[in-house]
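Below is one structure, written out as structure tokens; comments come after it.
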Amino acid sequence: MIGGIGLGLGYVSPVSTLIKWFPDHRGMATGMAIMGFGGGAMIGAPLSVALMNHFETASSVGVGHTFVVMGILYFIFIMIGSLTVRIPAPGWKPEGWVQPERTSKLITKRHVHINSALKTPQFWLIWWVLCLNVTAGIGVISQASVMIQESFHGLVSAAAAAGFVGLLSLFNMGGRFFWATLSDYIGRKNTYYLFFILGILLYLSVPTAGKVGSVALFVLCYLIIISMYGGGFSTLPAYLADIFGTAYVGGIHGRLLTAWSAAGVFGPVLVNYLRQYQIDHGVARADAYAVTMYVMAVLLAIGFVCNFLIKPVIEKYWMSEEEVKALSQGV
């Protein structure tokens with residue numbers, strides 16, 4: 001619980017601040033930050049292993065000392081961040097940038113209060129958009145190593161599967177930057193349309209790759225799926241800023257990330273249950289993931305519908321100009 005609170009504070013605060021500094025490239029800015037969030041495991045995981053090996057004794061595996069050292073390191077970097085990150089002054093804009101007169105209908109120039117946001121259908125539609133996208137993505141991530149070994153028994157070793165998982169981490173990280181940056185040009189809603197349409201096609205293709213014995217097709221589908229899973233996170237803050245304005249985007253983002261938490265339970269549980277159910281009923285391990293992929297495709301289809309239903313927030317939820325002014329003055 002303590003770790004989760006720290007994670008939320010360290011994740012949401014800088015992302016919501018970046019949105020205000022880069023009104024012209026919201027997706028790119030948040031994508032770059034969230035790319036770092038996704039890539040942190042590439043540093044943290046080997047560092048934690050190295051520290052545990054260093055502190056290991058006959059009576060301890062070194063976990064306690066490792067947590068202390070990493071906690072000190074995190075504290076130092078978080079303090080550096082807190083001393084350098086600043087919120088721009090009210091009305092600040094990048095030099096030479098003029099906000100376009102004609103923008104997407106979904107990009108509002110107004111602001112929605114954090115308490116009002118939860119009363120809007122847009123909040124809950126986006127909640128389900130994220131939840132369904134992440135459920136499908138995190139479900140297959142949790143079984144990536146096992147799935148490729150069982151789908152290609154005898155062709156893919158445990159070492160090769162570990163390398164495959166490492167490659168997934170790179171695409172997860174790169175996808176966060178690529179898709180969020182792309183959303184600056186094609187729009188957030190269209191980006192999520194791509195996630196769902198391509199995702200459905202790719203999830204339906206994974207069982208085919210296993211049946212025909214194509215490791216290359218399997219890996220390609222998986223890599224694109226994982227890149228879109230990461231892109232779903234990085235595109236989300238800009239999507240929220242477009243829909244609800246920037247006044248309370250940090251708090252709204254934090255509340256909407258409960259969808260991520262829920263998906264972190266739904267995805268792995270669903271994949272593990274479906275896999276075990278298939279095996280218990282006599283399905284070969286190599287074929288036990290076909291139904292799972294089809295179910296994930298259905299979830300993405302529902303997410304597509306939710307994304308389609310998202311419209312601009314109606315006027316009754318907007319903050320008045322007086323409320324926005326009072327907020328900027330700290331009243």
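Taken together, the values in this text are just the output of simple stated rules run on the coordinates, not laboratory data. Remember, predicted model here, so these are calculated numbers, not experimental data. All Cβ positions, even for glycine, are placed from backbone atoms using ideal geometry, and neighbour counts span all protein chains on display.
Tabulated data
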{"item": "Degrees between helix 215-244 axis and first principal axis of the chain (Cα, 0 to 90, nearest 10)", "result": "20 degrees"}
{"item": "Proximal lysines to K109, defined as alpha-carbon separation beneath 20 angstrom and excluding residues fewer than eight positions away on the same chain", "result": "K20, K93, K119, K189, K311, K316, K325"}
{"item": "C-alpha long axis of helix 188-212 to longest principal axis of the chain, angle in °", "result": "0 degrees"}
{"item": "Rounded D (µm²/s) - region 62-157, Kirkwood Rh over Cα pairs, Stokes-Einstein at 25 °C, 0.890 mPa s", "result": "123 µm²/s"}
{"item": "Loop-resident sites, region 1-38, for chymotrypsin sites (Phe, Trp or Tyr not before Pro), counting at most 15 other Cβ within 10 Å (DSSP)", "result": "none"}
{"item": "Cβ-based exposure ranking for T57, T17, in which fewest neighbours within 10 Å come first", "result": "T57, T17"}
{"item": "Relative contact order (%) - region 106-317, alpha-carbon pairs under 8 angstrom, separation at least six", "result": "44 percent"}
{"item": "Per-residue Cβ neighbour rank within 10 angstrom, fewest leading, D242, D287, D280, D184", "result": "D280, D287, D184, D242"}
{"item": "Convex hull volume of region 141-260 per residue (C-alpha atoms, cubic angstrom)", "result": "102 Å³"}
{"item": "Charge sum, other residues only, whose C-beta stays under 14 Å from T17's C-beta, Lys/Arg counted +1 and Asp/Glu -1", "result": "+3"}
{"item": "Gap separating the Cα centres of region 113-160 and region 210-283, nearest whole Å", "result": "2 Å"}
